[in-house]
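To start, the structure itself, in structure tokens.
The values are calculated or read from the model by the stated rules, or taken from the named source; none is laboratory data. Here the structure is a predicted model, which is why all the values come from computation and not from measurement. We place every Cβ from the backbone using ideal geometry, glycine too, and count neighbours over all the protein chains shown. Only protein heavy atoms, including side chains, enter the accessible area calculation; ligands, DNA and RNA are left aside. Shrake-Rupley method; radii C 1.70, N 1.55, O 1.52, S 1.80 Å.
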Amino acid sequence: MTLPSTAADARLAATVDQLATELEGRSPAEIVAAVATRLPRITLATSLGPEDAVLLHLVATENLPVDVFTLDTGFLFAQSYALWTRLEERYGLNIRAVKGTASATLTPGEPPPWVRDPDGCCAVRKVAPLRAELARHQAWITGIRRDQTPDRAAARVVEWDARFGLVKVNPLAAWTSDEVWSFLQLHDIPVNPLHAEGYSSIGCAPCTSPVKAGEDPRAGRWRGREKTECGLHVKDGRLTGAGG
Ligand code: SF4
């Protein structure tokens, strides 16, 4: 773990270690409740995916003081925008839209940005606005699970996020995908209908396709291109898996 350098940040690092030890093995509900009350300026960055829907439920049903936002690239599926509204109505809260400065208007006769320069497109529509948003917060809650990728296997429930310079909380670190879906069904939480059509990991519409049985859950993201990540989650300077 790369630790912060100032004295104040060193104290925060000690808090991170203490929380990570204390909260390991606790339920996601206990973890979310603990960090919501002990880490001021905490936010939930939801991608509107299954894991984030679990976290939103935990935050909303306990009325915890956690900000909630989602990155709106302007290129999400219509089903994702509809789910966004359904979740706000279900829980009676506002999921703030965070946008970059790049326009979502396409220029006739020119290749769209996800074809011309997908890394640049993600950089201005996802990474830059996320970085600006996280700079306003002390901690963020993510839906990272340890069994998603080898790099995530060592994720702690609370850790220092060196890439964005704040505390990262992973309440679902020890959960499996089956546990996530069981929770969603148990509480009748709305999910994206595209999951039932074979879309396992859902991002922007132009860059997401369904996956076949046996494929990696993220095989449908940027299919046919070398790109596999938008750059939202990295560890030790390397990309670690899902995000955006
Ligand atoms: Fe652009 Fe595709 Fe990245 Fe969305 S996922 S920001 S459309 S390159």
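The phi torsions of segment 71-82, fed into the Karplus equation with coefficients 6.51, -1.76 and 1.60 and a -60° offset, translate into couplings of 7, 10, 6, x, 10, 6, 5, 4, 5, 6, 5, 5 Hz, rounded to whole numbers, with Gly and Pro shown as x. Accessible surface of H137, taken over heavy atoms with a 1.4 Å probe and every protein chain present, rounds to 20 Å². Straight-line cross-link partners of K99 among the aspartates and glutamates, defined as a Cα under 19 Å from its Cα and at least 8 positions apart when in the same chain: D52, D67, D72, E88, D117, D119, E133, E229.
Heavy atoms only, probe 1.4 Å: what % of the accessible area of segment 7-198 goes to carbon and sulfur, would you let me know? Provide the component values of the computation, followed by the final result.
Numbers: 4610 of 8800 Å².
Heavy-atom surface of segment 7-198 belonging to carbon and sulfur, 1.4 Å probe: 52 percent.
Once the Cα atoms are used to define both axes, helix 28-38 deviates from the longest principal axis of the chain by about 70 degrees. Taking every protein chain into account, the accessible area of the chain amounts to 47 square angstrom per residue (probe 1.4 Å).
Specify the residue with the greatest mean-square fluctuation among L186, L194, L19, computed from a Gaussian network of the chain linking alpha-carbon atoms under 10 Å apart. Result: L186 has the largest fluctuation of those listed. Shape summary: the chain maps onto an equivalent ellipsoid whose semi-axes, from the alpha-carbon gyration tensor, are 28, 21, 18 Å in decreasing order.
Around the amide H of L44, modelled in the peptide plane, lie the amide H atoms of D67, V68, F69, I141, all under 5 Å away and 5 or more residues distant in sequence or on another chain.
Counted by Cβ distance under 15 Å from E51, the other residues give a net charge of +1, where Lys and Arg count +1 and Asp and Glu count -1.
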